[in-house]
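Step one of this worksheet: look at the structure below.
Laboratory data are not the source of any read-out in this text; all were calculated from the coordinates shown. None of the values given here were measured: they were computed from a predicted structure. Here the Cβ is made from the backbone with ideal geometry for all residues, glycine too, and neighbour counts use every protein chain on show.
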Amino acid sequence: MSEDKKKVENVIIVGGGPAGYTAALYTARANLEPLVFEGFQWGGQLQNTTDVENYPGYPEGIMGPEMMSQFRAQAERFGTRFVTDDVDRVELSDGGVQKVFLGDEEHRARTVILAMGAEPKRLGIPGEMELGGRGVSTCGVCDGAFFKGHRVLVIGGGDSAMEDSIFISKFADELTIVNRRDEFRASKIMRDRALAVDNIDTLTPYVPLEFVAGEDGKLARVRLRHAETGEESAVEATGAFVAIGHVPRSEVVAGQVATDEDGYIKVEAGSTRTDLAGVFAVGDVVDHTYRQAVTAAGTGCMGALDAERYLRDSAPPVEAHWFPGGEPVEMEI
């Protein structure tokens, strides 16, 4: 076995968004020398976000990628090591040595913090990605305030669409909820609240076909098709919010840790502990509700503290910690 494969890390963090980087910062400052597999798309959803105006400490706002670079640099300052690659698989155990694989390359650790995040569901239509940050968004709370005085569409029929619509309606002059069915999947209380707002109306049953840019390169209109007649039309709008749900990026641990019916990793109330000792989960991969950078960072802190306490209170590792140039020895942490 190679030297690298013999080494047992204190902490491996899987994921490189606000939660993963905050967990890295805290574990690094605790001298746990975390190893972070941040993925090729490091920075999480904030890498695709333009202005961030609601994160404390940035009174003038900050670009999402720049903020993630700062998070990363702060964690690196205290000794975090980064691997900009996506984990292929993991082998998790209940209190034993946890294994993380890049291809056939095996990495071992006494604790693993899962911070893979979630991603918004997409419509998969022309203009959706191209106009991201230029009129098309997937986060009403994040971006709603940018659309003061605009004509806005919210696409979706569930509670997320209703919540986004209520929030965005505080800023937009007109807001239309576009749904592919006549009936909404949202709970009655959320539907009633949204439809009671004066500047919110509905357009059903319509399916979005394309987001179309104007001469300034920003969203100008949305092409729609009637779900029953097939008739096509276009609606003028300078803002469109896709609110059809999120998908947690938990596939790499599927079947190894407990998840709910939607794939979000289950943790003990008030903690980041999963059903496996030594395995913790933080950020949007556990969060159905808030999905904000600041809440993700908060749970990243919690995960780091939970992992540190686990290492403090658990027995020394069964396998030796490897020191280059010397013999493997067991060590208390």
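Quick notes on this structure:
- Peptides 214-221, 227-234, 277-284, 291-298 ranked from most to least packed by the mean count of surrounding Cβ atoms within 10 Å: 277-284, 291-298, 214-221, 227-234.
- Normalised contact order of the chain, rounded percent, pairs of Cα under 8 Å and 6 or more residues apart: 21
- Built amide H within the under 5 Å cut-off of residue 119, gap 5+: 247, 249
- Computed over region 1-160, Kirkwood Rh from alpha-carbon pairs, angstrom: 17.7
- Ordered by the number of other Cβ atoms lying within 10 Å of each residue's own Cβ, fewest first, 142, 301 fall into the sequence 301, 142.
- Between region 31-87 and region 290-314, the alpha-carbon center distance in angstrom: 16
- For region 233-276, applying the loop criterion from DSSP together with a ceiling of 12 other beta carbons within 10 Å to the GluC sites (Glu not before Pro) yields 261, 268.
- What you get for region 174-227, charging only the Cβ of Lys and Arg (+1) and of Asp and Glu (-1), is a dipole of about 320 debye around the Cα centre.
- Listed pairs 121/188; 170/266; 7/121; 188/218; 218/266 exceeding 30 Å between Cα atoms: 170/266; 7/121; 188/218; 218/266
- Loop-located trypsin sites (Lys or Arg not before Pro) in region 129-181, at most 13 other Cβ atoms within 10 Å (DSSP): 148, 170, 181
- Listed values (1) -0.61, -0.87, -1.04, -1.13; (2) -0.50, -0.88, -1.17, -1.31; (3) -0.54, -0.85, -1.05, -1.14, entry calculated as log10 I(q)/I(0) by the Debye sum over Cα atoms at q = 0.09, 0.12, 0.14, 0.15 Å⁻¹: (3)
- Restricting the chymotrypsin sites (Phe, Trp or Tyr not before Pro) of region 19-54 to loop positions (DSSP other than H, G, I, E, B) with no more than 10 neighbouring Cβ atoms within 10 Å leaves 40.
- Around residue 61: net Lys/Arg minus Asp/Glu count, Cβ-Cβ under 11 Å: -4
- Here the translational diffusion coefficient of region 122-242 follows from Stokes-Einstein with Rh set to the Kirkwood radius across Cα pairs; for 4 °C and 1.567 mPa s it amounts to 92 µm²/s.
- Sum of -39500 (n - 2.57) over DSSP H runs of 4+, divided by residues of the chain (222 nm, nearest 500): -6500 deg cm²/dmol
- Options 71, 307, 189, ranked by Cα towards positive dipole end of the chain, top entry (Cβ charges): 189
- Mean Kyte hydropathy of -0.5 or more with a Cα span along the axis of at least 15 Å, helices from DSSP in the chain: 18-29, 293-313
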